Amino acid sequence: MAKIKKGDLVQVISGSRANRGKQGKVIEVLPGEQRVVVEGINFATKHVRVGQTQRGSKTGGIEQHEAPIHVSNVALVDPKTKKPTRVGHRLDTVEKNGETKTVRVRFAKKSGEDL
């Protein structure tokens, strides 16, 4: 089970001073590269060639978008304390439609709260 998933709130714990300490939502997870894309963090400038749409309007110019950041540089934010925490896994039993299932659940190590 992954420690960081899409939609999680994370905080940058190391890297450039401009991004360190900022919190944001995970937009995309790239497991093969061990990287995550975080909303509002690590902006990269991309120069796009000028083109034309079918309606005749011009496209292109300089765009900014979020670039991936390594998973080791972010930590999950504890929902209770709003501070970075480590992630643990435990087995819980869930009852649904009369049958019980064993499910793995992620939890914050600092507060013990489910994620």
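The values are calculated or read from the model by the stated rules, or taken from the named source; none is laboratory data. Please read these numbers as outputs of a predicted model, since none were measured by experiment. Cβ sites come from the backbone with ideal geometry, for glycine too, and all protein chains shown count toward neighbours.
What to note about this one:
Residue by residue, here is whether (1) within 16 Å of Val36 (Cβ to Cβ); (2) out of contact with any Ser or Thr (no Cβ under 9 Å at 6 or more places or on another chain); (3) modelled with pLDDT under 90 holds:
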residue	(1), (2), (3)
Gly51	no, no, yes
Gln54	no, yes, yes
Thr59	no, no, yes
Ile69	yes, yes, no
Pro84	yes, yes, no
Glu95	no, yes, yes
Lys101	no, no, yes
Phe107	no, yes, no
Gly112	no, yes, yes
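- Any hit, the stretch 21-32, residues being at pLDDT 90 or above and of a type in the set (Asp, Glu): yes
- Contact annotation: residue pairs with Cβ atoms under 6 Å, 6 or more positions apart or on different chains, pairing a residue in the stretch 12-35 that is free of Cβ contacts under 8 Å to residues at least 12 places away in the same chain with a partner that is of a type outside the set (S, T, N, Q), are Arg20/Val12.
- Tallying residues that are surrounded by 13 or more Cβ atoms within 10 Å (Cβ to Cβ) and in contact with a Gly (Cβ under 6 Å, 6 or more places away or on another chain) within the stretch 85-115 yields 1.
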